[in-house]
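The structure under discussion appears below in the form of structure tokens.
Laboratory data are not the source of any read-out in this text; all were calculated from the coordinates shown. The structure displayed is predicted, hence computed values, not measured ones. Cβ coordinates were reconstructed from backbone atoms using ideal geometry, including for glycine residues, and neighbour counts include every protein chain displayed.
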Amino acid sequence: MARPENETQAVSVRDALQRLHQEITSCHACNLRNGARLPVPGSKIAEIPDLPRVPLLIVGEAPGREEDIQGAPFVGWAGKFLRNVLRRTYLTDLTYITNLVKCRPPENRDPEPQEIIACSPHLDRQIEIARPHIILALGRFSAGYIWEKFLHEKENRPFPGITRVNGQVFPLERNDERLYVSFFFHLAYVLRQARKGNEALPKRFRNHFYGLRIMLEDYGYPMRPKRYR
Ligand code: URA
């Protein structure tokens, strides 16, 4: 199987993201850092795809209790579900995970607009470095941010709300390259629905990832990739 596009280039994004993680760790641009135990810049270094770019970038909302303790995104109960889906769709090694807001809001409250404004330059830089083929925003805050950044102008409308865009994929051209932007509900909502007996939503969530996996094949990533590291 041919190596995926650009994979033969020597430069990995991992080192650049690692340096950025260190900067994020010492950020005090908003008050959230004071109440958080550990900032959560993004995937643990060993889990960042060791490739010249990131095939799939997942943007959650903010760290929760377990993330705050471990300093890593999606390591709590919702994270277990997400990681299981990534494994089953062979996306684990092709995915970099971060959040819109890097420090845990007290009591898991919604992030405030000024906190998003203070923190989002970190996400902007992560996107610049990672140069993802696909961005998947989970939850209304990250979806709103990603929509405004990439789709407001192209779609000629402000963020229509997570319910309208849930499960959709939007192709766009950026820096002469194709970028896919996609959205899904916050995982806590998906799992709450499952607990209420609505199994359709977690199933749609899993199917969404199968769809993203197939899209990555167009870039040359094999269906069952060997481990790249
Ligand atoms: N864990 C995270 O790190 N982010 C979320 O949005 C949800 C759970």
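A few points about this structure:
- With contributions of -39500 (n - 2.57) from each DSSP H run of at least four residues, the per-residue ellipticity at 222 nm computed over the chain stands at -12000 deg cm²/dmol.
- Listed residues 60, 79, 35, most fluctuating in the chain (Gaussian network, C-alpha, under 10 Å): 35
- Shown for the range 107-223 is the translational diffusion coefficient from the Stokes-Einstein equation, using the Kirkwood radius over Cα pairs, a temperature of 37 °C and a viscosity of 0.692 mPa s: 212 µm²/s.
- Point-to-point label distance, residue 34-residue 15, nm (Cα→Cβ direction, 7 Å offset): 3.8
- Against the rule of thumb 2.2 N^0.38 Å, how large the Cα Rg of the range 104-171 comes out: 1.16
- Ratio of Rg to Rh for the range 11-222: 0.93 [Cα atoms; Kirkwood radius as inverse mean 1/r over pairs].
- Across the chain, the relative contact order, built from alpha-carbon pairs under 8 Å that are at least six residues apart, equals 23 percent.
- In this structure, the pairs whose alpha-carbon distance is over 27 Å, taken from 80/203; 154/196; 44/196; 80/154, are 154/196; 44/196; 80/154.
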